[in-house]
Amino acid sequence: MDAALRIALSRGLANVSMEAVAQALGVTRPVVYACYPSREDLIRALLEREEKRLFDGVLSALPREPQFGEPKQWMTAGFQALLKVVAEHGDSWRLVLAADSDCDAIARYGQARQRVAQHVGALMGPMLKQAGVKQVDKKLPVLVELFMSLGDGAVRAMLQNEQQWTAEALGEYVGRVVLGGFMKA
């Protein structure tokens, strides 16, 4: 699968073939077919592995319990933790985000995103109440979706501008921007 990942990143997912993987490994196609019965099986296994790596990384970056105290600190720390996962697994993020024509990958990404959003909501609700935000129950679903969308944007910005941003600096910047909007909402 690592050879397929390298091909997908350098030439695009559409160029991952059994022949290309065999050539990259210096073996014949039957060797690759012995591991994966078809190209579709290889691509599915690759995407599932990378998606799991990302999902596990994102969940491990989130706190287990709501973090009370300084809102700027927990908002910034959350984005920094997410972007550290991006920095550590940039190739996995690039592959999953580039697989936007694979219906199964899109569905799995959507399901994983929904699970992360549920976890974020469970953390964010008590923190917003503690910070004095009014009508949290009404606003929380909108705020979680905005938070998730801003997280998606931060991930893409990190991947596109790796030389310009560190996870800490971009996380601090995005966290500060998001906090300003959320606390006034």
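The values are calculated or read from the model by the stated rules, or taken from the named source; none is laboratory data. Just so it is clear, the model here is predicted, and its values are computed rather than measured. Every residue, glycine among them, receives a Cβ derived from its backbone with ideal geometry; neighbour counts consider all protein chains shown.
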### Residue ID - nearest to the chain's Cα centre (by Cα), chosen from residues in region 97-151 that are under 23 Å from residue 75 (Cα atoms) and among the β-branched types (Val, Ile, Thr)
116
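Residues are listed down the side, and each one gets a yes or a no for (1) surrounded by 19 or more Cβ atoms within 10 Å (Cβ to Cβ); (2) at pLDDT 90 or above; (3) under 20 Å from residue 101 (Cβ atoms):
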position	(1), (2), (3)
3	yes, yes, no
12	no, no, yes
23	no, yes, no
27	no, yes, no
30	no, yes, no
35	no, yes, no
39	no, yes, yes
46	yes, yes, yes
56	no, no, no
#### Entry: Residues of region 141-185 that turn out to be assigned to a helix (DSSP H, G or I) and hydroxyl-bearing (Ser, Thr, Tyr), as a count
2
### Task
May I ask you to list pairs of residues, at least six apart or on different chains, whose Cβ atoms are under 9 Å apart, with the first in region 46-57 being free of Cβ contacts under 8 Å to residues at least 12 places away in the same chain and the second being surrounded by fewer than 19 Cβ atoms within 10 Å (Cβ to Cβ)?
52/112
### Selected residue (only one of 162, 51, 65, 88 is among the charged types (D, E, K, R) and surrounded by 17 or more Cβ atoms within 10 Å (Cβ to Cβ))
51
### Message
Report every pair of residues separated by at least 6 positions or lying on different chains whose Cβ atoms are under 7 Å apart, first residue within region 74-91 and farther than 17 Å from residue 49 by Cβ and touching a residue at least 60 places away in the same chain (Cβ under 8 Å), second in a helix (DSSP H, G or I) and among the basic types (Lys, Arg).
### Response
76/176
### Task
Determine, yes or no, whether residue 115 is loosely packed, with under 14 Cβ neighbours inside 10 Å and outside any helix (DSSP H, G or I).
no
### Query
Going by the conditions given, is residue 105 surrounded by 16 or more Cβ atoms within 10 Å (Cβ to Cβ) and touching a residue at least 60 places away in the same chain (Cβ under 8 Å)?
no
### Message
Looking at region 63-84, can you tell me whether even one residue there is aliphatic (A, V, I, L, M) and either within 20 Å of residue 9 (Cβ to Cβ) or outside any helix (DSSP H, G or I) (or both)?
### Response
yes
### Task
Return the only residue of 123, 150, 179, 95 being in contact with an Asp or Glu (Cβ under 9 Å, 6 or more places away or on another chain), buried (at least 16 other Cβ atoms within 10 Å of the Cβ) and farther than 28 Å from residue 4 by Cβ.
123
